[in-house]
Amino acid sequence: MPKSKRNRPVTLSKTKKKGREHKEAIVNAIRESAEKYSSVYAFSFENMRNLKFKEFREQLKSTSRFFLGSNKVMQVSLGRSAADEIIPGIQKVSKLLRGNSGLCFTNLPKEEIERLFNEYEEYDFARTGSMASEKVELKEGPLEQFTHEMEPFLRKQGLPVRLNKGVVELVSDFVVCEEGKPLSPESARTLRLLGIKMATFRLHLICRWSPEEFELYIERPDDDSGGDSA
């Protein structure tokens with residue numbers, strides 16, 4: 001019987017080497033982009049949705065290049081101080097990379113990038129652990145949007161339901177979530193079933209750098225922690 005690939009031992013030195021090579025490739029790509037494009041923007045994001053971000057990135061593919069990932073790797077790529085920065089002044093961008101951050105190298109005019117980022121907003125279903133943006137309460141009575149086959153699943157989500165002549169019925173009022181409180185897995189699933197989207201994927205410009213000028217959009221605490229994104 002052939003051995004399962006899943007059970008093959010993996011040499012840690014190989015994985016470490018692969019990880020190091022991947023980081024080196026990112027560092028090189030960022031440094032090449034710094035030379036190739038006319039300006040670079042640092043940005044932050046909230047409620048990241050990978051598919052939506054990929055679509056946004058594809059729209060700008062011909063004029064821009066994006067990088068997400070380890071803040072420390074991005075900082076090392078640009079240089080973390082005046083002594084090791086790859087281009088004079090670009091370490092100012094490096095110091096602002098912390099939390100959920102990314103880099104956008106581009107040849108687009110400043111006004112166009114500002115418009116694209118400021119206007120970008122995508123609504124989606126909130127995930128477990130996200131803060132509820134509003135209170136959602138279901139009132140006692142029939143839940144006609146659900147078929148009778150859904151009744152067992154709804155009960156598993158904590159809803160006090162029963163079947164009444166083939167119709168799903170809520171036997172008492174039920175609070176799905178409270179505003180400002182984290183969503184449980186059950187609450188997140190119920191909101192999805194109800195079609196209620198509470199998460200908004202947004203991008204926020206932090207700063208802009210070009211060889212001629214540096215512009216700060218968002219004030220950030222001046223520290224050197226440079227924490228990685230989660």
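When restricted to residues that are part of a helix (DSSP H, G or I), over 25 Å from residue 121 (Cβ atoms) and of a type in the set (Lys, Arg), region 68-110 contains 2.
Quick one: count up the residues across region 128-157 that are surrounded by 15 or more Cβ atoms within 10 Å (Cβ to Cβ) and either in contact with a Lys or Arg (Cβ under 6 Å, 6 or more places away or on another chain) or part of a loop (DSSP other than H, G, I, E, B) (or both). Here the count works out to 6. Looking at region 158-177 only, could you name the residues that are closer than 23 Å to residue 198 by Cβ and part of a loop (DSSP other than H, G, I, E, B)? Residues satisfying the conditions are 158, 159, 160, 173.
The single residue among 106, 128 that is in contact (Cβ under 8 Å) with a residue 12 or more places away in the chain and over 19 Å from residue 203 (Cβ atoms) turns out to be 128.
Within region 50-67, can you find the residues that are assigned to a loop (DSSP other than H, G, I, E, B), open to solvent by less than 90 Å² (accessible area, probe 1.4 Å) and not β-branched (Val, Ile, Thr)? Outline the logic, then answer.
Let us first name the residues in region 50-67 that are assigned to a loop (DSSP other than H, G, I, E, B), namely 60-63.
Subsequent filtering for residues that are open to solvent by less than 90 Å² (accessible area, probe 1.4 Å) retains 60, 63.
Once the filter is applied, which keeps residues that are assigned to a loop (DSSP other than H, G, I, E, B), open to solvent by less than 90 Å² (accessible area, probe 1.4 Å) and not β-branched (Val, Ile, Thr), region 50-67 yields only 60.
Okay, residues lined up against (1) open to solvent by less than 70 Å² (accessible area, probe 1.4 Å); (2) at pLDDT below 95:
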{"site": "166", "(1), (2)": "yes, yes"}
{"site": "176", "(1), (2)": "yes, no"}
{"site": "186", "(1), (2)": "yes, no"}
{"site": "198", "(1), (2)": "yes, yes"}
{"site": "208", "(1), (2)": "yes, no"}
{"site": "213", "(1), (2)": "no, yes"}
{"site": "221", "(1), (2)": "no, yes"}
{"site": "225", "(1), (2)": "no, yes"}
{"site": "229", "(1), (2)": "yes, yes"}
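The values are calculated or read from the model by the stated rules, or taken from the named source; none is laboratory data. All values reported here derive from a predicted model rather than from experimental measurement. Ideal geometry is used to build each Cβ from the backbone, glycine not excepted, and the neighbour counts take in all protein chains shown. Quick note on the areas: whole protein, heavy atoms, side chains included, nothing else; ligands and nucleic acids left out. Shrake-Rupley method; radii C 1.70, N 1.55, O 1.52, S 1.80 Å.
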